[in-house]
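These notes concern the structure reproduced below.
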Amino acid sequence: MYTLGFIGCGNMARAIIKGALASGFAAPEQIIASSRSQETLDRAMETFGIHTNLDNCHIAQESQILVLAVKPQVLPEVLDCIKDYMNPDALVVSLAAGKSLDFVMEGLGTSRVVRFMPNVAAEVSASMTSVCFGPGCLGQDFETALALANSFGLSEVISERHMDAATAVAGCSPAYVAMLVEAMADAGVLDGMPRSQALRMAAQAVMGTAKVILETGDHPGAVKDRVCSPGGTTIAGLQVLEDRSFRGAVIDALHATVDKARSL
């Protein structure tokens, strides 16, 4: 029996495996993963020293914690395949956006199900992962699931009715932040800076600002006000962003991701 099993071994699964190993949540010999591609499994085995198997049913049968790391459109097929092979004592963790706890519970016939919505920063153990629990989760399941989520970043327990909004705010938003960083670097290049320097400075500025907000607890508006001197350069730039509905565009973009998540 393996402590941690993964059906699907793509980027997110590998990021979670990396965090689980680094934190001591599990040892390599306690982890097993499946994939449609033997090449993908060979790479995971070489990188992490974990066990692998092409058979999803074997993973379901032999895992104490079963992570469903497949895309939403593939999840129904996977649930139908493994439902008769599940370890009855397994805690199931689903990463599929837009697929509810009820969907997974009905598909597998178990209510010991947790939903995770991590983000791309899991790659560097800095994910913001939203977590919600099914009604069949036991006392130890809460501690176990959060220990796993925190092994590759931070976690926040939320109501499932907020999961689509959390998908937008924490799951999808790194793409928008990356676009902002790229645009900031482009502005530096436009004014003569080498791209590598401009990119590093923009990324560090965004990371540092986020750290200030998280560690001080200050409202983002208060942080903004500290940077804006009367008649200064920052407030001149802010006026341009306000004129072009920067905040409204961000809100509309995240709202669009919520609508899409609800349609999956």
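Each residue was assigned an accessible area with a 1.4 Å probe, and for S130 the value is about 10 Å². How many percent of the accessible area of the range 44-112 is carbon or sulfur, using a 1.4 Å probe? Carbon and sulfur: 45 percent of the exposed surface of the range 44-112. Does the chain come out rounded, prolate or oblate, given a ≥ b ≥ c as the square roots of the eigenvalues of its C-alpha gyration tensor, rounded meaning a/c under 1.5 and, failing that, prolate meaning a/b above b/c? Prolate. The calculated Kirkwood hydrodynamic radius for the range 130-264 is 17.8 Å, given to one decimal from all distinct C-alpha pairs. Checking the cross-link filter: which lysines have an alpha carbon closer than 19 Å to that of K260, excluding same-chain neighbours under 8 positions apart? Filter leaves K71, K99.
Normalised by 2.2 N^0.38 Å, where N is the number of residues, the alpha-carbon radius of gyration of the range 115-170 equals 1.08. Considering only V223, V120, V74, give the residue with the highest GNM mean-square fluctuation for the chain, with springs between Cα atoms whenever their separation is below 10 Å. Greatest mean-square fluctuation among the candidates belongs to V223. Straight Cα distances below 12 angstrom link K83 to the aspartates and glutamates E106, with same-chain residues fewer than 8 positions distant left out.
Counting only Cβ charges, +1 for Lys and Arg and -1 for Asp and Glu, the dipole size of the chain around its Cα centre is about 460 debye. Axis angle, to the nearest 10 degrees, between helix 173-190 and the longest C-alpha principal axis of the chain: 40 degrees. With both residues required to sit in the range 1-146, DSSP beta bridges show an antiparallel share near 20%. Just want the answer: with Cβ charges of +1 for Lys and Arg and -1 for Asp and Glu, which residue in C172, A205, A253 is farthest toward the dipole's positive end in the range 132-264? The residue sitting most towards the positive pole is A205. Accessible surface for the range 121-264, divided over its residues, is 64 Å² per residue with a 1.4 Å probe. Were the residues from S245 through K211 laid out at 0.36 nm apart, the gain over their Cα-Cα distance would be 9.7 nm. Amide H to amide H distances under 5 Å link T52 with A33, where only residues 5 or more positions off or on other chains count and H is placed in the peptide plane. Ordered from largest to smallest accessible area (heavy atoms of protein chains, 1.4 Å probe), the residues Y176, Y2, Y85 come out as Y85, Y176, Y2.
Rolling a 1.4 Å probe over the protein heavy atoms leaves K18 with an accessible area of roughly 100 Å².
The solvent-accessible area of T110, taken with every protein chain present and a 1.4 Å probe, is close to 30 Å². Taking a straight Cα-Cα cut-off under 19 Å and skipping sequence neighbours fewer than 8 places away in the same chain, the lysines within cross-link reach of K224 are K211.
The values are calculated or read from the model by the stated rules, or taken from the named source; none is laboratory data. Values in this document were obtained by computation on a predicted structure and should not be read as measured data. Here Cβ is always computed from backbone atoms with ideal geometry, including for glycine, and neighbour counts include all displayed protein chains. Just so you know, the surface numbers come from the protein's heavy atoms only, side chains and all, with ligands and any DNA or RNA stripped out. Shrake-Rupley method; radii C 1.70, N 1.55, O 1.52, S 1.80 Å.
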